[in-house]
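The structure appears right after this line, and notes come after that.
Just so it is clear, none of the values below were taken in a lab; they were calculated from the coordinates. Since this is a predicted model, take the numbers as computed values, not measurements. When we count neighbours, we look across all protein chains shown, and the Cβ atoms used for this are built from the backbone with ideal geometry, even at glycine.
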Amino acid sequence: MGCDIPMKFFRVLKMVKINYCQTPVIFFLTVGIIIFGSWSPAFATEPPKIVIGSKAFTESVILGEIASGLLRSRKINNSHRKQMGGTRILWNALLRGDIDIYPEYTGTIRNEIYAGRKNLNTERNLRKALARDGIGMTLPLGFSNNYAIGLTETRASFLGVSSISQLSKLKGLNLGFSNEFMDRADGWPALKQKYQFLSSTPRGLNHDLAYKALHQGKIDAMDLYTTDAEIVYYNIRVLKDDLSHFPNYQSVFLYRLETAKYISIPQALKRIENRINAVEMANLNKAVKLEKKSEKAAATLFLRQKFNINLEPSVQSRMQRLLVSTYEHLSLVGISLLAAIFIAVPAGILAARYRRIGAVVLSSAGIMQTIPGLAMLVFMLPILGIGAAPTIAALFLYSLLPIMRNTHAGLCGIDRTLVEAADIFGLGKLSKLTRIELPLALPVILAGIKTSAIINIGTATLGAIIGAGGYGQPILTGIRLDDTALILEGAIPAALLAMATQISFDLLEKRVVSR
């Protein structure tokens, strides 16, 4: 299938009669995108029937890989969208049908997803509540991964604390909690109220980076997951929850009942129910976080040893990952930029022609530019779901202002005597625009497009948070695993792509702008 794409593309180009001699940069860049597209697995295989999601921490990714392996062992085609974000992003994606399965914890379901609902203490009632939303739940997998509060042994001994109550009575503590814990119904707000903490509001941190901050003495205490491998590695004292604030977080898989009607998801996942204990899960986390194995390799080894399921880990090489990431990133940037050009250039022309309308149009685009990138992605999720679509939409909105403003500035900055000369020669409005005004404004317009392209290359890395891939994927994974090589695997190509874009537009300007 992938081999047909370049030929179809060239036939389209022939129909629209593009002159490659005048636009060599566009030609070679486009051909490169098509080559990447032809090599990409997205074009070479059928779309997967089952989509597995996982949260942005190691244990969730490992469990996602275990679920993927169990489905593959039953010949059920699937894909795994790794580290998509927090609970709400995964839960809403499951409800919308963007994903079909993801690992969750019963305490999170009761206290975060169904916060405020009563009579969910029993497993039966919890299943009924989930079923009303079209969601099924497996039996517990065999271990609980509970929230806890921890300090290094050295710091805990110095402060003389062994329980959360003792910690809460101390003033001036430097607390650092994961970003999701800061806002969860069972997180910091409820913990602070329950224990009447005297310390000020803690800082929100990435969970994996918080361990380094704790070890370096930059924070005094943090929230833990009780199966984290770092607890032993960093010699952390887990404080006693003496007021029993945190519920039991038994691990389960949630899945869509609608999907389960056609594909035997419960039967495939049944083998893992009550088969992973806390020590085994901690060892899996250790294998990935500390021994630098991939999640897929760790899950494959576990399935082989535990269930005699022999699967090939099919780990991609660094070059294969780079090619796929490059294609995904170029797609995100290219599609959003082209869409923005088709909208923003006419809008800029309109703004230059009609001042009142122009003020409204430019102000609206300016407001879009002030919205933080992560917030924009979240706003798009309910409308477009997860993956590339919301990322492209967000990048499109961010691209509008530079192109629109430069188009407006380029047209307004033209020497009026030239326009008046065109009127004397009897040129109509359209001819004057296309033959006089736009060619004169083209350098400024191209500068706006170049600015948007370069900004989009950097902003597109955020798309990995919601499963859009691109160069952000290795960056997020590298941060989670404290792997500098993985971070550079995404950061260096992104920087090189931005430089290549800058050079390409400079060459394009020399080729298409008349002297």
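Annotation note: trypsin sites (Lys or Arg not before Pro) in the stretch 104-173 located in DSSP loop regions with a Cβ neighbour count of at most 11 within 10 Å are 118, 171.
Annotation: average projected area of the stretch 225-341 is 13.1 square nanometres, based on the convex hull of Cα atoms across all directions.
Each of 348, 52, 327 was scored by the projection of its Cα onto the charge dipole of the chain, and the greatest displacement toward the positive side belongs to 348; charges sit on the C-beta of Lys, Arg, Asp and Glu.
Overall, the chain carries a charge dipole of about 800 debye about its Cα centre when +1 sits on the Cβ of Lys and Arg and -1 on the Cβ of Asp and Glu, all other atoms neutral. The per residue volume of the convex hull around the alpha-carbon atoms of the chain is 184 Å³. The long axis of helix 87-96 is offset from the longest Cα principal axis of the chain by roughly 70 degrees.
Computed over the stretch 339-399, the quotient of the alpha carbon radius of gyration and 2.2 N^0.38 Å is 1.25. Helix 4-16 and the longest principal axis of the Cα set of the chain meet at an angle near 30°. From the alpha carbon centroid of the stretch 261-292 to that of the stretch 309-369 is 37 Å. For the stretch 67-113, the residue among 91, 105, 67 whose Cα projects farthest onto the positive side of the dipole built from Cβ charges is 67.
Across the cross-link table entries 55/118; 55/289; 128/261; 169/192; 49/82; 82/293, which are compared at the Cα atoms, the separations over 19 Å belong to 55/118.
Relative intensity of the stretch 286-362 on a log10 scale, I(q)/I(0) at q = 0.19, 0.20, 0.26 Å⁻¹, equals -0.90, -0.93, -1.08, per a Debye sum over C-alpha point scatterers of equal strength in the absence of solvent. Run the numbers on the stretch 131-283 and let me know its relative contact order in percent, using alpha-carbon pairs under 8 Å that are six or more apart. Relative contact order, the stretch 131-283: 46 percent. Dimensions of the stretch 261-403 from C-alpha coordinates, computed as largest minus smallest value along each principal axis and given longest first, are 72, 37, 32 Å.
Volume per residue of the convex hull around the Cα atoms, evaluated for the stretch 222-289, comes out as 138 Å³.
So for the stretch 175-299, considering every pair of alpha-carbon atoms, how many percent are separated by more than 17 Å? The proportion of pairs with Cα distances above 17 Å equals 68 percent.
Summing Cβ point charges (Lys, Arg +1; Asp, Glu -1) relative to the Cα centre of the stretch 126-284 gives a dipole of roughly 300 debye. Work out the P(r) tail for the stretch 51-169: percent of alpha carbon pairs separated by more than 17 Å, whole number. Roughly 65 percent, rounded to a whole number.
The value of relative contact order for the chain, using C-alpha pairs under 8 Å at least six residues apart, is 17 percent.
The convex hull built on the alpha-carbon positions of the stretch 265-307 has an orientation-averaged projected area of 3.2 nm².
When Rg and the Kirkwood Rh are both derived from Cα coordinates, the Rg/Rh ratio for the stretch 453-515 amounts to 1.17. Working from Cα pairs under 8 Å separated by at least six residues, relative contact order for the stretch 219-321 is 27 percent. Compared with the dominant Cα axis of the chain, that is its longest principal axis, helix 373-384 is turned about 90°.
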